[in-house]
Structure formats: C-alpha cells, structure tokens
Amino acid sequence: MLRGSVRWIDERLGLGPTLRTAMRYVFPDHWSFMLGEIALYAFIVLVGTGVFMTFYYVPTDAVTTYRGAYEPLAGLIASENFISTVRLSFDVPGGLLMRQTHHWAANVFIVAIIVHLARVVYTGAFRKPREINYFIGVSMLGLGLFDAFTGYMLPDDLLSGMGLIIAYAVGLGIPLVGEDLMFLAFDGPFPGSDALWNRLEVTHVLLVPMILAALIGLHLWIIARQHHTQFSSGSDEEARAKSEKQLVGSPMWPAYALRSLGLMGLVVGFLFLLGGLVQINPVWLWGPYEPYLASNGAQPDWYLGWLIGALRLMPAFEPQIGDLTVVPNAFWGGALFPVVVFAVFYLLPVIDKRFFGDGRKHNVLDRPRDNPRRTAFLTAFFFWIWLTFVAGATDQVFLRMRIPYEAQVWFFRFVAVLGPFAVYFIVRRWAEELRERDVHPLRGWNGRLVRRDPVMGGFVTLDGGQDGAVVPEEDVAAHEPDVAGSREERATAAPPGPDGA
Amino acid sequence: MSRADRRRAGVSPDPVEVTVGPNRRAENLVLVLLAGTVVGALAFIVFYFAYPDTQLLGLCLGLALVAMGLAFAVAGKRIVPQEKATEDYQDYGDPEVQEEVVELVDGGGAGVSRRRLLIGTAGAAGATVGGAALLPLASMGPGVGDYLSVTPWKPGRRLVDSEGAPLKPEDVEVGTFRLAFPEGASRSELGSSLNVLKEPVENLQVAEELVKVMPEGVMAYSRICPHAGCAVATYRYPLYEPTFGEPPALVCPCHYSTFDVRQGGKLTFGPAGRDLPILPLGLNAERELIALGDFLDRIGPSWSRVRGGPDSPLEPAGGGG
C-alpha cells in the first residue's frame, strides 16, 4: 500500500524527489529551535476553535434579550455581541471549552512568539542571510498582537469596551489626522455605528489570520530554503568553520517528525486542559459595556500591559500651537511607544551590522555572551519594555499592597529613564566575564578552589577548578602561593590570565 | 544508547547512524500512552452526549492529546532510529546568474526610443488607478465635522439618574458622587454621562463665575476622562485621618488621571493633558438640577482641535455646532 501510494503521487505530480529531499531535511537538535513551533501549533488551535466560534458569534450591537441557561443573566437586555458570547459559553455544548481554549491559545501564541524572538535576537539568528525571515517574524508578532486585541474587543463586555475606547483615544491622538482615521474605522464618533462590529469581526477572523497564514507559509519556506542556524559544534575555530558550512542534526523522517508531532500533541493538549480547567475572561461577570461604566483595577490581557503601562507613565504633556493640539497625550504611550519598540526590532539587523557585528553571512549562532554589547543592548531594551509592562500593574499593586500609586509612577518614570543604562553596563560586564571564563552561568562549578597555606598563611588559588576536577597535589605545589591580605584583593586576584576587569 | 551515553561518548558530527535496537520498554510505554489517548477521546465523546461539562470535556480532550503528544515524543526519541545527519548550507548568490537576470530584464526594453517617458507614465497610471481603486475606503465613515464638539446638553435640560428620575441638590451627598444623564437623550454618547458631586461652597477654590454654575455646591463634570476616554468611575474622598489633607478627587481607573473637584476638575496627577470639563448647572422652578448650557470645554479624549474654537471658557458654549 505504501509503495502504491508513493507510485501514485510520483507518477502524477513527480513529487518523488521532493519527498526524498524533504524526508532527509536536517533539523538542529537544540531545544530552542522548537519555540517557534509552539506558536505554530497554537495558531492551528486558534484557527480551529475560532472557526467554531464564528458559527455562533453575532457581530452587531443591536439589543436583544438573553433567554438561556445561565440564571444570573436571565432576562438581561444587552447587545447581540455580548449575548451571543454568553450563549456560546453556556448554551452550546462544548462552546465554553472552545472559547476558553481559543483565549488561552492566543496568550500562548504571543508568549511563544516573544520567547522565539528573544532566542533569535540574542543569538544573532537575524543576521545575513536571514533578515527577510526576521522581518516576517517581527511582522507576525505585530499582527498577532493586533489580532489578539481585535478578538478581545468582540464580546463587547466591560473590559472590551474599555479597551476599545482607549484604542479610539490613542487613534484620535495621531497628530492632525487621528480624528479622520478614527471616524473611518468606527464609522463616526465613539462608540461608532453598527458597522464597526462587522469590521472588527472580519478583521479578526479573516483579514489578519489570512495574512498571518500567508506569512507563516513564507516563514517556513524561507527556513527550508536557507536551513536552520545552529550552534557551533565546538569552541575552536575549526569546528566553527565547519559548522558554518554544514548543518548537523536529526533528519525530518522519522525522528524529528515524531518529536514535532509530539510537541504538537503536548501544546494542543495543554491548551485544551487550560481551556477546560482554568477560567479565562468570564465576560458574564464583567457584564456588557456602556461608555459610562468602568471598573477599578481592570487589567487587559497581559500582552497589552506594556501599552497600559506606557499610557500611565507618560506625564501630562500635550504640546499646542495656538489652539491646535499637536500631539494629544494618549499618542505618546499608546502609539509612539509601540512604534519605537517595533522600529528597533525592524532596524535590529542594521543596528547590529553597524555596532555589534560584521555584515558577513552567518549560519553559526552566537551564544549571548559571545557578543556582550549586543546582549547588553538587547537586555537593556527588553528591560525597558518589561519595566513599562510592570508599570501597567501599578493599580493592582496599589489595591493589593497599598503602595501609593503616585509614588510608584514616579519610581517607574525614573527607572524607565535610567534603568536601561544600568542594565546595559551590568549585562555587558557579566557577558564579558562569562565569555572569558567560558562556563555556563547556571550549570556546573563556577568558583575557584583555594587552599590555605599552612606555613606561610594566605591562600593558594588552585586553577583548573572550573569543572570541579580535583587538582593533584603536585599541581598545588607548582602554584606560587597567592598571598592575599584582604578579601577584596583575593576576589580580584582570583581569575587568572587576561582579566577584562 | 541514551542521550547521556551519546554525550559521554562524544557525538561525531559526521553522518553516523546511531541505530536504536528494539526498545521494548519504550514500545510498551508508547502503547500505554496511545491507549490512554483512545480512552480520553472516547470519554470526551461519551461526556459530550451524556454530560457536556466544560471541565470534563477539557480534561478528557486535553489528556488524550497530551498522551498522544508524549507517545509521539517517546517514539521519536526512543523507538525509531536515531540519526546524526548532515546537510550542507547553500551559499546563494551567483554573480553570473544575477548578471544574466539584469540583462534579460534590461533586454526587454531594447529598441524602445522613449523609455523613461514610458516608464514614468506607466508609473503614474499605476498610481492613479491604485489611488482611485482605494478611494471608496473613504466611504467607511463620515467626515469629522462638528461631531466631536456636539453633546446632548443644552440650556434647561434636566439631569436624571440611572432610573431616569430628576436629581435635586439634596439627592447628592457630600463625599459621594452620582452618575447622571441628560433627560431623554442617548446615554452611550461620550458627551452624555456626568459625575455629579457636592462640596460645601466655602471649600470651592474656583472663580466666582464658576461658583455660580455650581448651585449649593453641586457640580457636574464630564464622566469621560480627557486622556483616553475611560469612565471616571472612582472618587477618592479621604475618610482616614492621616489622609484628611488630600483634597477629594475624581480618579480615572484606567490610567489614574486625578482631578481635584474643589478646583473645578483641575488635573493634579496622571497623564491627561486637560482638566475635567465642567457642565454648568442651575436649578429650575421645581429645584431640579438643569444644565445651563453645554460643557465649558470640549469633552472626551483629546484630538487636534479639542481646544479653542468658538467656545470661551467661562461662557457656556451652546454646543460649538
């Protein structure tokens, strides 16, 4: 039967050689090359559960009455958006499972992309010849965030409404043309016309997912064309040169295909476990949105936390020329900040070539320590985003821990400006020392063996202690006694050889 | 040979096949895991018909898939042949081919006399037809016009509470705030909803003209934050002695813009670029609260023409359009 199938397809489409090459296609074995696959499998879950939900969701804010199984909302009069979401959750068997799994999958999708992105930038995988695929990946993160946001809006519950008005305000804030753009998007002033809901739904379920699917296909095709990057097989130049020319790993068939399918089962399975067991976005508790409603301590989905934080940290500043408000405040945190962040990501290959790299082709990855300045720059940059993200939780910290809100905001404003510089210098120094000593930061023996000299006093540093090997007595004897008067001197004297400090 | 064994032995980068002989224990494990998948999937089907509880459905389907994933992973690592394979990286970029392509493209215009003019005109044609085809996107919404300046408030319009009952000054207590709407108008517009509060008149730190539009110390502010448009739905009114000194303030729960109500909604903290707009209030013959006109400033999140216009700050605007 196997032979028959292969013959059938090969005789018609001539796919025999393609299949042969594909099955021998080599994947590198390092675990970090599977992060992107997690995003891919989450996307598949998103499409599957999402299609199910489109069969029930009604994209209109026309008012209707809930007459379903969920008692607390019996007789509720609200928009169809909201009511159809509640109906899907309580009156469709398996509906809530699909909805919650979809929401969890969206969260995992974004996390996986961000972790994947971190791996790519820290190891320099974005360098020539892989810039195109890097741009596609960054674009997919942007599109993923946008699509997650539009999906979050669809139920028209209190939290979506608060998100929608903030998005509208940020849009209005685009200098000079903001109000025109928002009137086009919302079909009039907030809360817009009924057409808004068709637009949001089509954007969420058709436009963006189609672009994402096309980009995913392109992303994979380009990987297949260029092959994965890999870490060097050894630390010497010869091994590096060889790794630069030849990829080592597992072939697609059978080992890698089975492992990847295994990862798919685990990702999809965990998403359904989360969707079934861990409640997410219970819109029936938030209730429908009205512009005059808001709740204290409201938090958006985590992937929008950085924008909330930026909106909160920005001081009250609205430059004017005469009566013209040039930049409404919401623009700074809600639009300019993410534009700057994405601009840095898009420009990273250029920045890297100019400041940290050499512009040559690279198939071999750097370990983060191999390029201390790139690693320090990226960590400072990620710290800046992370700090803003944390600042998005100031209200929760206030409500739970009673740390005054204003004090927190001033603290975060201060750290957001100075923190990245401190992080840059600390990480750069750390990476330089790691590179010099060539030990894993989390694994193995990292210190030095010292022995007190019984006759002279003072301490002898026993070199070669890095892997915890016991140093033979004669080696000890061969060492000059390293007499150290103070703790500080010992600390600085410890690493032998050319010390970067 | 386990992974650790291979690591100890030192993995050769050459294409060496490391055959895994029959591993009955791994095969048994995979069989058990696949059986678990079957059981989980069947349980899902049974529960779907008998008792479609979200937790049970998620548990059955999730565990079935996790078991399947583990089965594949174990099979991929322990049952099928483990192989170190190599593949050469392609070094793309053949200058000769590039040159051929350039010549081919260039050759397409051989013998054409006014090449640049033709290319330029073709570009113009493409741009115009593309622009024309995109123009219908402008139908997606109305022009801005006066929409953003208009609110339902006009002189004499009564303030009503959520139930639709008119509000009197004594309905508003010091230390709390009331949500109010324009009588007989849509409540969903950003210009509709109000926060109505009361402060003893002697506490007010506003111009004399403003005190006049706060009858008996009752004042009305737009409920929509001038920063990002959230409902200003929290009121900080210190009741705890050490915080007595802090003035009562309306606080937006989204980004914590804080507005001092005694100073006429002046921004004291947070990102908002403007103060909270005041709706001038008066009393009608029945001592019910009415609007004396439109808000003194434009309401809602800022846009380019949110300031200025025909409105003068202390003169009720009458709508600005």
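The values are calculated or read from the model by the stated rules, or taken from the named source; none is laboratory data. Predicted, not measured: the structure shown is a model, and the values here were computed from it. Ideal geometry is used to build each Cβ from the backbone, glycine not excepted, and the neighbour counts take in all protein chains shown. Heavy atoms of the whole protein, side chains included, go into the accessibility calculation; ligands, DNA and RNA do not. Shrake-Rupley method; radii C 1.70, N 1.55, O 1.52, S 1.80 Å.
When residues in region B:44-85 are screened for being among the aromatic types (F, W, Y) and either within 7 Å of chain A (Cβ to nearest Cβ) or open to solvent by less than 40 Å² (accessible area, probe 1.4 Å) (or both), 2 of them pass. Restricting attention to region A:55-73, which residues are open to solvent by 40 Å² or more (accessible area, probe 1.4 Å), in contact with an Asp or Glu (Cβ under 9 Å, 6 or more places away or on another chain) and more than 20 Å from A:R199 (Cβ to Cβ)? Residues satisfying the conditions are A:A69, A:Y70. Taking (1) closer than 28 Å to B:G58 by Cβ; (2) at pLDDT 90 or above; (3) out of contact with any Lys or Arg (no Cβ under 8 Å at 6 or more places or on another chain); (4) within 8 Å of chain B (Cβ to nearest Cβ) in turn, A:W284 satisfies each apart from (4). B:D91 falls short on exactly one of the conditions (1) among the charged types (D, E, K, R); (2) surrounded by fewer than 10 Cβ atoms within 10 Å (Cβ to Cβ); (3) assigned to a loop (DSSP other than H, G, I, E, B), and that condition is (2). Scanning region B:174-192 for residues that are assigned to a loop (DSSP other than H, G, I, E, B), touching a strand residue (DSSP E or B) at 6+ places or on another chain (Cβ under 8 Å) and either within 15 Å of B:A249 (Cα to Cα) or within 14 Å of chain A (Cβ to nearest Cβ) (or both) yields a total of 6. Among the residues of region A:357-397, the ones that are without any contact (Cβ under 8 Å) to a residue 60 or more places away in the chain and in a loop (DSSP other than H, G, I, E, B) come to 1 in all.
You will find that of A:A78, A:A74, A:A69, the residue that is touching a Pro at 6+ places or on another chain (Cβ under 7 Å) and on the phi < 0 side of the Ramachandran plot is A:A78 and no other. Output the qualifying pairs, or none if there are none: Cβ atoms under 8 angstrom, residues six or more apart or on different chains, first residue in region A:251-279 and closer than 29 Å to B:A85 by Cβ and in the same structural domain as A:G48 (by TED's automatic domain parsing), second residue in a loop (DSSP other than H, G, I, E, B) and not hydrophobic (A, V, I, L, M, F, W, C). What qualifies is A:P251/A:R24; A:P251/A:Y25; A:M252/A:R24; A:M252/A:Y25; A:W253/A:R24; A:P254/B:P81; A:A255/B:P81.
When the criteria are applied in full, B:A85 fails the requirement of being closer than 30 Å to A:V26 by Cβ, touching a helix residue (DSSP H, G or I) at 6+ places or on another chain (Cβ under 7 Å) and not hydroxyl-bearing (S, T, Y). Here A:D180 meets the list (1) more than 10 Å from chain B (Cβ to nearest Cβ); (2) more than 25 Å from A:S32 (Cβ to Cβ) almost entirely, failing just condition (1).
Looking at region A:412-433, can you tell me whether even one residue there is in contact with a Ser or Thr (Cβ under 9 Å, 6 or more places away or on another chain) and within 21 Å of A:T229 (Cβ to Cβ)? Yes, region A:412-433 has at least one match. Starting from residues that are open to solvent by 30 Å² or more (accessible area, probe 1.4 Å) and small (G, A, S), keep the ones in region A:327-358 and report whichever is nearest to B:C252 (Cα to Cα). So, considering only residues that are open to solvent by 30 Å² or more (accessible area, probe 1.4 Å) and small (G, A, S), the one nearest to B:C252 (Cα to Cα) is A:A343. Checking each residue in region B:33-79 for being touching a residue at least 40 places away in the same chain (Cβ under 8 Å), among the β-branched types (V, I, T) and under 19 Å from A:F270 (Cβ atoms) picks out only B:V74. Given the condition of a type in the set (A, V, I, L, M, F, W, C), within 14 Å of chain B (Cβ to nearest Cβ) and without any contact (Cβ under 8 Å) to a residue 24 or more places away in the chain, answer yes or no: does some residue in region A:335-347 qualify? Yes, some residue in region A:335-347 is of a type in the set (A, V, I, L, M, F, W, C), within 14 Å of chain B (Cβ to nearest Cβ) and without any contact (Cβ under 8 Å) to a residue 24 or more places away in the chain. Of the numbered criteria (1) in a loop (DSSP other than H, G, I, E, B); (2) over 30 Å from B:L65 (Cβ atoms), the one A:G68 fails is (2). Considering region A:74-102, and only residues there that are surrounded by fewer than 20 Cβ atoms within 10 Å (Cβ to Cβ) and more than 13 Å from chain B (Cβ to nearest Cβ), the residue that is nearest to the chain's Cα centre (by Cα) turns out to be A:E80.
Of the strands (runs of 3 or more DSSP E) lying entirely inside region B:193-272, the ones with 2 or more residues being more than 24 Å from A:V409 (Cα to Cα) are found at B:194-198, B:218-222. The single residue among A:A214, A:A148 that is open to solvent by 40 Å² or more (accessible area, probe 1.4 Å), modelled with pLDDT of 95 or more and more than 9 Å from every other protein chain (Cβ to nearest Cβ) turns out to be A:A214. One residue alone among B:P182, B:P142 is surrounded by fewer than 16 Cβ atoms within 10 Å (Cβ to Cβ), in contact with a Phe, Trp or Tyr (Cβ under 9 Å, 6 or more places away or on another chain) and within 29 Å of B:W303 (Cβ to Cβ), and that residue is B:P142.
Could you please find all residues in region B:127-147 being within 14 Å of chain A (Cβ to nearest Cβ) and in a helix (DSSP H, G or I)? Matches in region B:127-147: B:L134, B:L135, B:P136, B:L137, B:A138, B:S139, B:M140, B:Y147. Out of everything in region A:1-21 that is in contact with a helix residue (DSSP H, G or I) (Cβ under 6 Å, 6 or more places away or on another chain) and assigned to a helix (DSSP H, G or I), what residue ends up being farthest from A:Q226 (Cα to Cα)? So, considering only residues that are in contact with a helix residue (DSSP H, G or I) (Cβ under 6 Å, 6 or more places away or on another chain) and assigned to a helix (DSSP H, G or I), the one farthest from A:Q226 (Cα to Cα) is A:D10. Please determine whether any residue of region A:298-318 is crowded, with 21+ Cβ neighbours inside 10 Å, at the interface with another protein chain (Cβ under 10 Å from one of its Cβ atoms) and hydroxyl-bearing (S, T, Y). Taking every residue of region A:298-318 in turn, none turns out to be crowded, with 21+ Cβ neighbours inside 10 Å, at the interface with another protein chain (Cβ under 10 Å from one of its Cβ atoms) and hydroxyl-bearing (S, T, Y).
Considering only residues in region B:213-254 that are more than 14 Å from every other protein chain (Cβ to nearest Cβ) and in contact with a helix residue (DSSP H, G or I) (Cβ under 8 Å, 6 or more places away or on another chain), the one that is surrounded by the fewest Cβ atoms within 10 Å (Cβ to Cβ) turns out to be B:E216.
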